[in-house]
1. Could you put 29, 235, 211 in order, starting from the residue whose Cβ has the fewest other Cβ atoms within 10 Å?
2. Return, ordered by residue number, the residues of segment 189-221 whose backbone nitrogen is under 17 Å from a label point located 7 Å along Cα→Cβ of residue 53.
3. Starting from a Cα-only point model with no solvent, please compute log10 I(q)/I(0) by Debye for segment 45-93 at q = 0.13, 0.14, 0.23 1/Å.
4. Could you work out [θ]222 nm for the chain from helices alone, using -39500 (n - 2.57) per DSSP H run of at least four and dividing by all its residues? Round to the nearest 500 deg cm²/dmol.
5. Just one of [x] 5, 20, 22, 23, 18, 9, 2, 0; [y] 6, 29, 37, 22, 5, 0; [z] 6, 18, 16, 15, 13, 10, 7, 4, 4, 4, 1, 0, 0 is P(r) over Cα pairs in 10 Å bins from 0, in percent as worked out from the coordinates here. Which one is it?
6. Would you mind putting 158-164, 140-146, 61-67 in packing order, based on average other-beta-carbon counts within 10 Å, highest first?
7. Rounded to the nearest 5, what % of the DSSP beta bridges within the chain are antiparallel ones?
8. Can you put 182, 212, 234 in order, fewest other beta carbons within 10 Å first?
């Protein structure tokens with residue numbers, strides 16, 4: 001969705017951490033990570049004979065998952081939207097955003113993705129990663145991101161121009177068929193924010209880039225449930241880590257969606273770029 005990306009600009013609460021309550025029935029609790037993974041393998045197969053489709057019953061999917069107590073705790077930390085306090089100073093970002101920032105920066109420098117994480121970030125990273133399982137279905141997912149997301153992929157292809165200066169045909173020529181990696185936990189929505197609060201929709205839906213994922217059943221992912229931000233239909237994809245493959249298969253501009261530039265409250269004449277990405 002863009003909300004828990006590395007320094008993605010999510011509007012966070014400036015107050016002290018809220019009292020967190022899971023807003024639906026918790027998943028199945030298993031005593032150990034291997035037992036949870038075994039149960040998830042049985043509940044979520046790695047193949048689906050159906051074409052890519054929307055996931056409708058998110059509540060049932062959430063309850064079918066198997067997690068340990070540590071994985072539930074890590075999920076709660078991940079969902080927090082208050083600004084993280086580091087060394088006595090309140091940062092501008094949530095814990096999940098800061099954690100993902102470490103992962104992205106370290107990967108670009110060839111360092112272990114956990115380098116520089118504090119204890120809470122490291123706990124969350126390790127147990128969120130352990131909670132990943134087969135998505136179980138061939139599912140459509142959506143994420144919104146800033147233009148830097150596309151520019152980074154273009155730079156890897158040797159193109160230094162900002163994407164907004166390139167035509168749809170030029171972008172399609174460079175990007176279609178191109179693989180890329182995601183060294184962070186990737187937050188997506190299975191229902192395009194259908195039940196999210198309007199403020200949340202306003203934050204994301206008019207960003208410069210919309211990524212429409214075609215996620216295979218074998219995709220490693222988990223559903224964290226509803227946090228302080230409300231019912232945003234979130235599914236978290238595992239980082240690449242040499243195993244999870246992302247490949248762009250379609251590029252187009254949406255003539256019906258204008259982009260809200262950073263720092264403004266209105267949409268501009270720039271149209272939203274839509275990338276179709278296969279995952280799995």
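The numbers here are math on the coordinates, done by the rules we state, and not lab data. Bear in mind that the values here come from a model prediction, so they are computed numbers and not experimental data. All Cβ positions, glycine included, derive from the backbone under ideal geometry; neighbour counts span all protein chains shown.
1. Values: 29 12, 235 27, 211 23.
Going from sparsest to densest Cβ surroundings: 29, 211, 235.
2. Residues 190-191, 214-218 fall inside that zone.
3. Debye curve over Cα of segment 45-93, log10 I(q)/I(0) at q = 0.13, 0.14, 0.23 Å⁻¹: -0.58, -0.64, -0.98.
4. Numbers: 8 runs with 80 residues, N = 280.
The per-residue figure over the chain is -8500 deg cm²/dmol.
5. [y]
6. Numbers: 158-164: 13.0, 140-146: 22.3, 61-67: 20.1.
Descending mean neighbour count gives 140-146, 61-67, 158-164.
7. In the chain, DSSP labels about 75 percent of beta bridges as antiparallel.
8. Numbers: 182 22, 212 18, 234 26.
So the ranking, lowest neighbour count to highest, is 212, 182, 234.
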